[in-house]
1. Give the number of residues within the stretch 333-355 that are among the charged types (D, E, K, R) and under 16 Å from L425 (Cβ atoms).
2. Taking the condition of being part of a helix (DSSP H, G or I) and β-branched (V, I, T), how many residues in the stretch 199-215 meet it?
3. Looking at the stretch 312-336 only, could you name the residues that are without any contact (Cβ under 8 Å) to a residue 24 or more places away in the chain and either surrounded by fewer than 19 Cβ atoms within 10 Å (Cβ to Cβ) or more than 10 Å from N262 (Cβ to Cβ) (or both)?
4. If I filter the stretch 209-229 for residues that are more than 29 Å from G312 (Cβ to Cβ), of a type in the set (S, T, Y), in contact with a Ser or Thr (Cβ under 6 Å, 6 or more places away or on another chain) and surrounded by fewer than 22 Cβ atoms within 10 Å (Cβ to Cβ), do I get at least one hit?
5. Restricting attention to the stretch 377-403, and to residues there that are touching a Phe, Trp or Tyr at 6+ places or on another chain (Cβ under 7 Å) and more than 17 Å from V252 (Cα to Cα), which single residue is surrounded by the most Cβ atoms within 10 Å (Cβ to Cβ)?
6. Looking at A202, is it closer than 16 Å to L82 by Cβ, under 24 Å from the mean Cα position of the chain (by Cα) and surrounded by 16 or more Cβ atoms within 10 Å (Cβ to Cβ)?
7. Which residues, taken from the stretch 248-266, are β-branched (V, I, T), more than 13 Å from S58 (Cβ to Cβ) and surrounded by 24 or more Cβ atoms within 10 Å (Cβ to Cβ)?
Amino acid sequence: MKFEQKVLITLPHKSLKKNAALNMTKTVMSLVFPLITFPYVSRVLGPVYIGKVNFAQSIVSYFALVAVLGISTYAVRESAKLRDDRKKLSVFVKEVFSLNMISTVVAYILFALALVVVPAFETYRILLCVCGASVLFTTLGMDWLYTGLEEFKYITVRSIAFQFISLILLFVFVRNQNDYLKYAGISVVSSVGSNICNFIHARHFVDLRVKALSLKKHLKPVFTLFAMSAAVSIYTVLDTTMLGFIKGDEAVGIYTAATKINRMVIMMITAATAVLLPRLSYYADKDRNEFLRLANKAVQFVVMFSVPCAAGLFILAEPAVLLFSGEQFLPAVPVMKIMNAVIVFIGLSSVIGSQIFMSVGKERFTLFSVIVGAAANFVMNMILIPRFGAAGAAIGTVCAEFSVTAIQIMWAKEYFGFKKMLVHLFKILVSLSVMLICVSCVCRFFKVYAMELIFGVISGALIYSICLFILRDSLFVEILNQLLGRFYKNNQKEVC
(Lines give C-alpha, C1' and ligand atoms only; values in the text may rest on other atoms or scores of the structure.)
Protein backbone atom coordinates (compact mmCIF):
# COMPACT_ATOMS: atom_id res chain seq x y z
CA MET A 1 0.00 0.00 0.00
CA LYS A 2 1.44 3.34 -1.04
CA PHE A 3 1.33 6.56 0.90
CA GLU A 4 2.52 10.07 0.32
CA GLN A 5 5.30 10.40 2.84
CA LYS A 6 4.75 14.08 3.49
CA VAL A 7 1.42 15.71 2.91
CA LEU A 8 1.97 19.34 3.83
CA ILE A 9 -1.09 20.58 5.58
CA THR A 10 1.35 22.69 7.52
CA LEU A 11 -0.14 24.27 10.61
CA PRO A 12 1.15 27.84 10.31
CA HIS A 13 -0.46 28.19 6.86
CA LYS A 14 -3.92 28.13 8.44
CA SER A 15 -5.09 31.40 9.93
CA LEU A 16 -5.88 31.11 13.62
CA LYS A 17 -8.25 34.08 13.32
CA LYS A 18 -10.03 32.46 10.40
CA ASN A 19 -10.30 29.19 12.32
CA ALA A 20 -11.76 31.01 15.31
CA ALA A 21 -14.19 32.88 13.04
CA LEU A 22 -15.32 29.65 11.37
CA ASN A 23 -15.72 27.84 14.66
CA MET A 24 -17.67 30.78 16.07
CA THR A 25 -19.85 30.80 12.93
CA LYS A 26 -20.59 27.13 13.49
CA THR A 27 -21.39 27.83 17.11
CA VAL A 28 -23.53 30.86 16.26
CA MET A 29 -25.59 28.73 13.93
CA SER A 30 -25.88 26.01 16.56
CA LEU A 31 -27.18 28.77 18.85
CA VAL A 32 -29.53 30.25 16.26
CA PHE A 33 -31.19 26.83 15.98
CA PRO A 34 -32.26 26.68 19.67
CA LEU A 35 -32.98 30.42 19.70
CA ILE A 36 -35.57 29.77 16.99
CA THR A 37 -36.73 26.38 18.20
CA PHE A 38 -36.71 26.61 22.00
CA PRO A 39 -39.33 29.40 22.25
CA TYR A 40 -41.52 27.29 19.99
CA VAL A 41 -40.80 23.93 21.62
CA SER A 42 -41.09 25.23 25.20
CA ARG A 43 -44.56 26.55 24.46
CA VAL A 44 -45.65 23.40 22.62
CA LEU A 45 -44.21 20.82 25.04
CA GLY A 46 -44.24 22.76 28.33
CA PRO A 47 -41.94 22.28 31.36
CA VAL A 48 -42.84 18.61 31.96
CA TYR A 49 -42.06 17.26 28.48
CA ILE A 50 -39.05 19.52 28.05
CA GLY A 51 -37.89 18.06 31.35
CA LYS A 52 -38.46 14.50 30.12
CA VAL A 53 -36.28 15.01 27.04
CA ASN A 54 -33.49 16.73 28.94
CA PHE A 55 -33.55 14.11 31.69
CA ALA A 56 -33.20 11.38 29.05
CA GLN A 57 -30.35 13.27 27.37
CA SER A 58 -28.57 13.59 30.72
CA ILE A 59 -28.80 9.81 31.24
CA VAL A 60 -27.51 9.06 27.72
CA SER A 61 -24.59 11.43 28.28
CA TYR A 62 -23.11 9.03 30.84
CA PHE A 63 -23.02 6.20 28.32
CA ALA A 64 -21.71 8.60 25.68
CA LEU A 65 -18.90 9.32 28.13
CA VAL A 66 -17.97 5.63 28.18
CA ALA A 67 -18.06 5.55 24.38
CA VAL A 68 -15.89 8.63 23.94
CA LEU A 69 -13.47 7.32 26.61
CA GLY A 70 -11.45 10.54 26.72
CA ILE A 71 -10.35 9.92 23.13
CA SER A 72 -11.45 13.24 21.65
CA THR A 73 -9.03 15.62 23.38
CA TYR A 74 -6.13 13.19 23.17
CA ALA A 75 -6.76 12.56 19.48
CA VAL A 76 -6.93 16.30 18.66
CA ARG A 77 -3.58 16.88 20.31
CA GLU A 78 -1.82 13.91 18.69
CA SER A 79 -3.34 14.26 15.21
CA ALA A 80 -2.20 17.91 15.16
CA LYS A 81 1.38 16.69 15.70
CA LEU A 82 1.13 14.05 12.95
CA ARG A 83 -0.71 16.11 10.36
CA ASP A 84 2.34 16.54 8.10
CA ASP A 85 2.74 12.77 7.58
CA ARG A 86 -0.23 11.00 5.98
CA LYS A 87 1.05 7.51 6.72
CA LYS A 88 1.61 8.07 10.43
CA LEU A 89 -1.63 10.01 10.70
CA SER A 90 -3.58 7.18 9.00
CA VAL A 91 -2.17 4.59 11.38
CA PHE A 92 -2.94 6.77 14.39
CA VAL A 93 -6.50 7.50 13.24
CA LYS A 94 -7.23 3.82 12.54
CA GLU A 95 -5.91 2.80 15.95
CA VAL A 96 -7.84 5.44 17.83
CA PHE A 97 -11.03 4.89 15.81
CA SER A 98 -10.82 1.12 16.47
CA LEU A 99 -10.45 1.81 20.18
CA ASN A 100 -13.40 4.20 19.99
CA MET A 101 -15.60 1.55 18.32
CA ILE A 102 -14.78 -0.97 21.04
CA SER A 103 -15.68 1.51 23.77
CA THR A 104 -18.92 2.34 21.93
CA VAL A 105 -19.97 -1.32 21.89
CA VAL A 106 -19.23 -1.54 25.62
CA ALA A 107 -21.28 1.62 26.20
CA TYR A 108 -24.30 0.20 24.36
CA ILE A 109 -24.09 -3.07 26.32
CA LEU A 110 -24.13 -1.10 29.59
CA PHE A 111 -26.95 1.07 28.22
CA ALA A 112 -29.08 -2.01 27.42
CA LEU A 113 -28.48 -3.42 30.89
CA ALA A 114 -29.47 -0.13 32.51
CA LEU A 115 -32.74 -0.03 30.56
CA VAL A 116 -33.62 -3.48 31.91
CA VAL A 117 -32.28 -3.18 35.47
CA VAL A 118 -33.15 0.40 36.54
CA PRO A 119 -36.89 0.61 37.38
CA ALA A 120 -36.95 4.42 37.00
CA PHE A 121 -36.07 4.03 33.31
CA GLU A 122 -39.13 1.93 32.48
CA THR A 123 -41.29 4.89 31.45
CA TYR A 124 -38.39 6.48 29.56
CA ARG A 125 -37.17 3.47 27.55
CA ILE A 126 -38.31 4.59 24.09
CA LEU A 127 -37.15 8.15 24.72
CA LEU A 128 -33.77 6.91 25.99
CA CYS A 129 -33.34 4.73 22.89
CA VAL A 130 -34.06 7.69 20.61
CA CYS A 131 -31.55 9.89 22.44
CA GLY A 132 -29.07 6.99 22.56
CA ALA A 133 -28.58 7.10 18.79
CA SER A 134 -26.33 10.12 19.32
CA VAL A 135 -23.63 7.88 20.84
CA LEU A 136 -22.97 5.99 17.59
CA PHE A 137 -23.13 9.14 15.46
CA THR A 138 -20.55 10.81 17.70
CA THR A 139 -18.14 7.91 17.30
CA LEU A 140 -18.51 7.76 13.52
CA GLY A 141 -18.10 11.53 13.23
CA MET A 142 -14.42 11.63 14.29
CA ASP A 143 -14.70 15.36 14.97
CA TRP A 144 -11.31 15.17 16.66
CA LEU A 145 -9.64 14.45 13.30
CA TYR A 146 -11.10 17.56 11.66
CA THR A 147 -10.25 19.71 14.66
CA GLY A 148 -6.69 18.40 14.75
CA LEU A 149 -6.29 19.18 11.04
CA GLU A 150 -8.03 22.55 11.54
CA GLU A 151 -10.63 21.73 8.89
CA PHE A 152 -13.10 24.15 10.44
CA LYS A 153 -14.60 25.25 7.13
CA TYR A 154 -15.83 21.76 6.33
CA ILE A 155 -17.15 21.22 9.87
CA THR A 156 -18.99 24.54 9.77
CA VAL A 157 -20.66 24.02 6.37
CA ARG A 158 -21.97 20.51 7.03
CA SER A 159 -23.11 21.43 10.53
CA ILE A 160 -25.15 24.41 9.29
CA ALA A 161 -26.71 22.30 6.53
CA PHE A 162 -28.01 19.69 8.96
CA GLN A 163 -29.29 22.33 11.35
CA PHE A 164 -31.42 23.83 8.58
CA ILE A 165 -32.78 20.37 7.78
CA SER A 166 -33.57 19.83 11.47
CA LEU A 167 -35.28 23.21 11.67
CA ILE A 168 -37.66 22.27 8.87
CA LEU A 169 -38.34 18.86 10.44
CA LEU A 170 -39.10 20.45 13.80
CA PHE A 171 -41.80 22.81 12.55
CA VAL A 172 -43.33 20.10 10.36
CA PHE A 173 -43.49 17.25 12.89
CA VAL A 174 -43.57 18.76 16.41
CA ARG A 175 -47.09 20.13 16.93
CA ASN A 176 -48.18 19.06 20.45
CA GLN A 177 -46.95 17.42 23.67
CA ASN A 178 -47.29 13.92 22.19
CA ASP A 179 -44.53 14.80 19.72
CA TYR A 180 -41.79 14.95 22.36
CA LEU A 181 -40.20 11.76 20.94
CA LYS A 182 -39.98 13.42 17.53
CA TYR A 183 -38.39 16.45 19.17
CA ALA A 184 -35.78 14.20 20.79
CA GLY A 185 -34.99 12.53 17.47
CA ILE A 186 -34.71 15.86 15.65
CA SER A 187 -32.36 17.10 18.40
CA VAL A 188 -30.08 14.14 17.65
CA VAL A 189 -30.11 14.96 13.94
CA SER A 190 -29.30 18.63 14.57
CA SER A 191 -26.39 17.94 16.90
CA VAL A 192 -24.66 14.85 15.48
CA GLY A 193 -26.61 13.76 12.41
CA SER A 194 -24.05 15.34 10.10
CA ASN A 195 -21.32 13.11 11.56
CA ILE A 196 -22.04 10.41 8.99
CA CYS A 197 -20.67 12.86 6.41
CA ASN A 198 -17.49 13.16 8.48
CA PHE A 199 -16.88 9.43 8.30
CA ILE A 200 -17.24 9.37 4.51
CA HIS A 201 -15.19 12.55 4.02
CA ALA A 202 -12.31 11.32 6.21
CA ARG A 203 -10.79 9.39 3.29
CA HIS A 204 -9.53 12.69 1.89
CA PHE A 205 -7.11 12.97 4.82
CA VAL A 206 -6.37 9.40 5.94
CA ASP A 207 -6.54 5.84 4.70
CA LEU A 208 -8.59 3.73 7.13
CA ARG A 209 -7.60 0.53 5.30
CA VAL A 210 -4.25 0.50 7.07
CA LYS A 211 -3.67 -2.11 9.75
CA ALA A 212 -4.11 -0.88 13.32
CA LEU A 213 -0.74 -1.83 14.77
CA SER A 214 -1.26 -1.30 18.49
CA LEU A 215 -4.13 -0.07 20.61
CA LYS A 216 -2.40 -0.64 23.93
CA LYS A 217 -0.10 2.39 23.71
CA HIS A 218 -3.10 4.72 23.60
CA LEU A 219 -4.76 3.33 26.72
CA LYS A 220 -2.83 5.24 29.39
CA PRO A 221 -3.43 8.79 28.06
CA VAL A 222 -6.97 7.91 26.99
CA PHE A 223 -7.96 6.54 30.41
CA THR A 224 -6.40 9.56 32.12
CA LEU A 225 -8.57 11.82 29.99
CA PHE A 226 -11.54 9.50 30.53
CA ALA A 227 -11.21 9.98 34.28
CA MET A 228 -11.11 13.73 33.68
CA SER A 229 -14.16 13.62 31.39
CA ALA A 230 -16.04 11.49 33.92
CA ALA A 231 -15.37 14.02 36.65
CA VAL A 232 -16.42 16.90 34.39
CA SER A 233 -19.64 15.11 33.44
CA ILE A 234 -20.51 14.57 37.08
CA TYR A 235 -20.76 18.26 37.75
CA THR A 236 -22.07 19.32 34.32
CA VAL A 237 -24.77 16.66 33.92
CA LEU A 238 -25.30 15.28 37.41
CA ASP A 239 -27.31 18.36 38.42
CA THR A 240 -29.94 17.58 35.77
CA THR A 241 -29.93 13.85 36.59
CA MET A 242 -30.25 14.34 40.36
CA LEU A 243 -32.89 17.02 39.86
CA GLY A 244 -34.92 14.61 37.73
CA PHE A 245 -34.71 11.78 40.27
CA ILE A 246 -35.37 13.99 43.31
CA LYS A 247 -37.77 16.66 42.05
CA GLY A 248 -39.20 15.28 38.78
CA ASP A 249 -39.54 16.34 35.14
CA GLU A 250 -41.03 19.78 35.76
CA ALA A 251 -38.05 20.87 37.88
CA VAL A 252 -35.73 19.69 35.09
CA GLY A 253 -37.77 21.73 32.59
CA ILE A 254 -37.41 24.87 34.72
CA TYR A 255 -33.69 24.23 35.15
CA THR A 256 -33.28 23.71 31.40
CA ALA A 257 -34.94 27.03 30.62
CA ALA A 258 -32.73 28.75 33.20
CA THR A 259 -29.48 27.32 31.84
CA LYS A 260 -30.26 27.35 28.11
CA ILE A 261 -29.27 30.96 27.42
CA ASN A 262 -26.11 31.14 29.53
CA ARG A 263 -24.92 27.86 28.03
CA MET A 264 -25.38 29.41 24.59
CA VAL A 265 -23.11 32.28 25.65
CA ILE A 266 -20.58 29.78 27.04
CA MET A 267 -20.60 27.94 23.72
CA MET A 268 -19.85 31.19 21.89
CA ILE A 269 -16.88 32.03 24.12
CA THR A 270 -15.41 28.53 24.18
CA ALA A 271 -15.85 28.20 20.40
CA ALA A 272 -13.50 31.12 19.86
CA THR A 273 -10.81 29.50 22.03
CA ALA A 274 -11.43 25.83 21.13
CA VAL A 275 -9.32 26.21 17.99
CA LEU A 276 -6.25 26.88 20.13
CA LEU A 277 -5.49 23.30 21.19
CA PRO A 278 -3.86 22.13 17.94
CA ARG A 279 -1.96 25.42 17.65
CA LEU A 280 -0.81 25.46 21.28
CA SER A 281 0.20 21.79 21.00
CA TYR A 282 2.24 22.68 17.93
CA TYR A 283 4.05 25.56 19.67
CA ALA A 284 4.42 23.93 23.10
CA ASP A 285 7.85 22.44 22.30
CA LYS A 286 8.83 24.61 19.34
CA ASP A 287 8.27 28.24 20.36
CA ARG A 288 7.56 28.98 24.03
CA ASN A 289 7.24 32.73 23.50
CA GLU A 290 4.52 32.24 20.89
CA PHE A 291 2.86 29.68 23.16
CA LEU A 292 2.77 32.16 26.07
CA ARG A 293 1.52 34.97 23.83
CA LEU A 294 -1.41 32.90 22.60
CA ALA A 295 -2.22 31.61 26.09
CA ASN A 296 -2.31 35.11 27.59
CA LYS A 297 -4.44 36.51 24.78
CA ALA A 298 -6.90 33.65 25.11
CA VAL A 299 -7.42 34.28 28.83
CA GLN A 300 -7.75 38.05 28.29
CA PHE A 301 -10.29 37.41 25.53
CA VAL A 302 -12.39 35.15 27.75
CA VAL A 303 -12.41 37.67 30.62
CA MET A 304 -13.24 40.56 28.29
CA PHE A 305 -16.32 38.81 26.87
CA SER A 306 -17.54 36.55 29.69
CA VAL A 307 -17.72 39.14 32.49
CA PRO A 308 -20.12 41.57 30.72
CA CYS A 309 -22.19 38.65 29.37
CA ALA A 310 -22.67 37.21 32.87
CA ALA A 311 -23.51 40.59 34.41
CA GLY A 312 -25.77 41.65 31.54
CA LEU A 313 -27.79 38.43 31.62
CA PHE A 314 -28.24 38.88 35.38
CA ILE A 315 -30.05 42.17 34.74
CA LEU A 316 -31.94 40.87 31.70
CA ALA A 317 -32.85 37.44 33.12
CA GLU A 318 -36.60 38.04 33.33
CA PRO A 319 -37.18 39.38 29.79
CA ALA A 320 -34.86 36.66 28.43
CA VAL A 321 -36.83 33.85 30.09
CA LEU A 322 -40.19 35.36 29.09
CA LEU A 323 -39.12 35.79 25.47
CA PHE A 324 -37.49 32.40 24.95
CA SER A 325 -39.61 30.19 27.19
CA GLY A 326 -42.89 31.89 28.10
CA GLU A 327 -44.67 32.82 31.34
CA GLN A 328 -44.99 29.21 32.50
CA PHE A 329 -41.19 29.22 32.95
CA LEU A 330 -41.05 32.34 35.18
CA PRO A 331 -39.69 30.28 38.13
CA ALA A 332 -36.52 29.89 36.01
CA VAL A 333 -35.60 33.60 36.44
CA PRO A 334 -33.90 33.36 39.88
CA VAL A 335 -32.22 30.12 38.82
CA MET A 336 -30.80 31.82 35.73
CA LYS A 337 -29.47 34.71 37.82
CA ILE A 338 -27.58 32.24 40.00
CA MET A 339 -26.22 30.27 37.04
CA ASN A 340 -24.84 33.25 35.10
CA ALA A 341 -21.62 33.19 37.14
CA VAL A 342 -20.59 29.95 35.45
CA ILE A 343 -20.13 31.84 32.17
CA VAL A 344 -16.92 33.34 33.57
CA PHE A 345 -15.73 30.19 35.37
CA ILE A 346 -16.30 27.77 32.49
CA GLY A 347 -14.79 30.23 30.01
CA LEU A 348 -11.56 30.42 32.01
CA SER A 349 -11.34 26.72 32.82
CA SER A 350 -11.91 25.81 29.17
CA VAL A 351 -8.79 27.78 28.22
CA ILE A 352 -6.57 26.79 31.14
CA GLY A 353 -7.63 23.19 31.65
CA SER A 354 -8.69 22.13 28.17
CA GLN A 355 -6.24 24.16 26.07
CA ILE A 356 -3.11 25.13 28.01
CA PHE A 357 -2.66 22.11 30.32
CA MET A 358 -3.61 19.67 27.57
CA SER A 359 -1.15 21.15 25.07
CA VAL A 360 1.78 20.82 27.48
CA GLY A 361 0.83 17.34 28.70
CA LYS A 362 -0.26 18.44 32.19
CA GLU A 363 -3.73 16.99 32.02
CA ARG A 364 -3.24 15.56 35.53
CA PHE A 365 -3.71 19.12 36.86
CA THR A 366 -7.01 19.35 35.01
CA LEU A 367 -7.99 15.91 36.28
CA PHE A 368 -7.40 16.86 39.91
CA SER A 369 -9.32 20.12 39.59
CA VAL A 370 -12.38 18.50 38.01
CA ILE A 371 -12.39 15.70 40.60
CA VAL A 372 -12.57 18.38 43.30
CA GLY A 373 -15.34 20.11 41.33
CA ALA A 374 -17.28 16.86 40.89
CA ALA A 375 -17.07 16.10 44.61
CA ALA A 376 -18.19 19.63 45.50
CA ASN A 377 -21.08 19.41 43.05
CA PHE A 378 -22.31 16.06 44.35
CA VAL A 379 -22.21 17.13 47.99
CA MET A 380 -23.90 20.48 47.31
CA ASN A 381 -26.60 18.82 45.18
CA MET A 382 -27.37 16.29 47.89
CA ILE A 383 -27.81 19.07 50.43
CA LEU A 384 -29.50 21.75 48.33
CA ILE A 385 -31.70 20.04 45.70
CA PRO A 386 -34.14 18.43 48.16
CA ARG A 387 -34.76 21.83 49.79
CA PHE A 388 -34.38 24.35 46.96
CA GLY A 389 -34.94 22.28 43.79
CA ALA A 390 -33.60 23.88 40.60
CA ALA A 391 -32.08 26.80 42.53
CA GLY A 392 -30.14 24.32 44.68
CA ALA A 393 -28.79 22.59 41.58
CA ALA A 394 -27.69 25.99 40.24
CA ILE A 395 -25.84 26.87 43.45
CA GLY A 396 -24.10 23.48 43.41
CA THR A 397 -22.96 23.99 39.82
CA VAL A 398 -21.62 27.50 40.50
CA CYS A 399 -19.64 26.25 43.54
CA ALA A 400 -18.22 23.36 41.51
CA GLU A 401 -17.14 25.55 38.59
CA PHE A 402 -15.58 28.11 40.93
CA SER A 403 -13.48 25.47 42.68
CA VAL A 404 -12.28 24.03 39.36
CA THR A 405 -11.28 27.43 37.99
CA ALA A 406 -9.58 28.57 41.21
CA ILE A 407 -7.41 25.44 41.36
CA GLN A 408 -6.44 25.71 37.69
CA ILE A 409 -5.49 29.39 38.00
CA MET A 410 -3.27 28.57 40.98
CA TRP A 411 -1.35 25.97 38.96
CA ALA A 412 -1.21 28.02 35.75
CA LYS A 413 0.56 31.06 37.23
CA GLU A 414 3.79 30.38 35.33
CA TYR A 415 2.05 30.94 31.98
CA PHE A 416 0.61 34.38 32.66
CA GLY A 417 1.85 37.93 33.06
CA PHE A 418 -0.36 38.88 35.99
CA LYS A 419 0.57 42.57 36.01
CA LYS A 420 -0.75 43.02 32.48
CA MET A 421 -3.74 40.83 33.35
CA LEU A 422 -4.66 43.01 36.35
CA VAL A 423 -4.54 46.17 34.22
CA HIS A 424 -6.81 44.46 31.68
CA LEU A 425 -9.20 43.36 34.45
CA PHE A 426 -9.33 46.86 35.97
CA LYS A 427 -10.38 48.40 32.63
CA ILE A 428 -13.01 45.68 32.20
CA LEU A 429 -14.52 46.31 35.64
CA VAL A 430 -14.67 50.08 35.09
CA SER A 431 -16.34 49.57 31.70
CA LEU A 432 -18.69 47.00 33.23
CA SER A 433 -19.82 49.39 35.99
CA VAL A 434 -20.72 52.08 33.46
CA MET A 435 -22.48 49.50 31.27
CA LEU A 436 -24.64 48.14 34.11
CA ILE A 437 -25.78 51.61 35.20
CA CYS A 438 -26.73 52.57 31.64
CA VAL A 439 -28.50 49.27 30.85
CA SER A 440 -30.54 49.52 34.07
CA CYS A 441 -31.69 53.00 33.03
CA VAL A 442 -32.46 51.97 29.43
CA CYS A 443 -34.58 48.99 30.53
CA ARG A 444 -36.91 51.25 32.56
CA PHE A 445 -38.23 52.84 29.36
CA PHE A 446 -39.60 49.57 27.94
CA LYS A 447 -42.65 47.63 29.11
CA VAL A 448 -42.50 44.97 26.39
CA TYR A 449 -39.93 42.33 27.41
CA ALA A 450 -38.76 41.72 23.84
CA MET A 451 -37.83 45.38 23.40
CA GLU A 452 -36.28 45.49 26.85
CA LEU A 453 -34.03 42.55 25.99
CA ILE A 454 -33.07 43.78 22.52
CA PHE A 455 -32.26 47.35 23.54
CA GLY A 456 -30.62 46.17 26.76
CA VAL A 457 -28.21 43.95 24.84
CA ILE A 458 -27.47 46.53 22.12
CA SER A 459 -26.97 49.45 24.51
CA GLY A 460 -24.88 47.32 26.86
CA ALA A 461 -22.58 46.12 24.07
CA LEU A 462 -22.11 49.65 22.68
CA ILE A 463 -21.43 51.30 26.04
CA TYR A 464 -19.04 48.55 27.12
CA SER A 465 -17.14 48.79 23.82
CA ILE A 466 -16.93 52.58 23.97
CA CYS A 467 -15.57 52.46 27.53
CA LEU A 468 -12.90 49.91 26.60
CA PHE A 469 -11.92 52.10 23.64
CA ILE A 470 -11.67 55.22 25.82
CA LEU A 471 -9.56 53.31 28.34
CA ARG A 472 -7.42 52.02 25.46
CA ASP A 473 -7.59 48.39 26.46
CA SER A 474 -4.83 46.75 24.42
CA LEU A 475 -6.71 43.60 23.38
CA PHE A 476 -9.91 45.44 22.48
CA VAL A 477 -7.98 48.02 20.44
CA GLU A 478 -6.08 45.25 18.67
CA ILE A 479 -9.29 43.44 17.73
CA LEU A 480 -10.91 46.70 16.62
CA ASN A 481 -7.92 47.62 14.43
CA GLN A 482 -8.03 44.19 12.79
CA LEU A 483 -11.74 44.49 12.07
CA LEU A 484 -11.42 48.04 10.70
CA GLY A 485 -8.37 47.05 8.67
CA ARG A 486 -10.25 44.17 7.08
CA PHE A 487 -13.25 46.43 6.38
CA TYR A 488 -10.96 49.01 4.74
CA LYS A 489 -9.29 46.37 2.55
CA ASN A 490 -12.66 45.01 1.42
CA ASN A 491 -13.85 48.53 0.48
CA GLN A 492 -10.64 49.14 -1.44
CA LYS A 493 -11.21 45.97 -3.46
CA GLU A 494 -14.77 47.01 -4.29
CA VAL A 495 -13.58 50.46 -5.42
CA CYS A 496 -10.91 48.94 -7.63
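The values are calculated or read from the model by the stated rules, or taken from the named source; none is laboratory data. Predicted, not measured: the structure shown is a model, and the values here were computed from it. We place every Cβ from the backbone using ideal geometry, glycine too, and count neighbours over all the protein chains shown.
1. Going through the stretch 333-355 one residue at a time, the tally reaches 0.
2. Counting residues in the stretch 199-215 that are part of a helix (DSSP H, G or I) and β-branched (V, I, T) gives 1.
3. Passing the criteria: E327, L330.
4. No, the conditions are met nowhere in the stretch 209-229.
5. A400
6. yes
7. Answer for the stretch 248-266, where residues must be β-branched (V, I, T), more than 13 Å from S58 (Cβ to Cβ) and surrounded by 24 or more Cβ atoms within 10 Å (Cβ to Cβ): I254, I261.
Residues checked against (1) under 16 Å from the mean Cα position of the chain (by Cα); (2) of a type outside the set (S, T, N, Q); (3) over 12 Å from I269 (Cα atoms):
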| residue | (1), (2), (3) |
| --- | --- |
| V333 | no, yes, yes |
| I338 | no, yes, yes |
| I346 | yes, yes, no |
| S350 | yes, no, no |
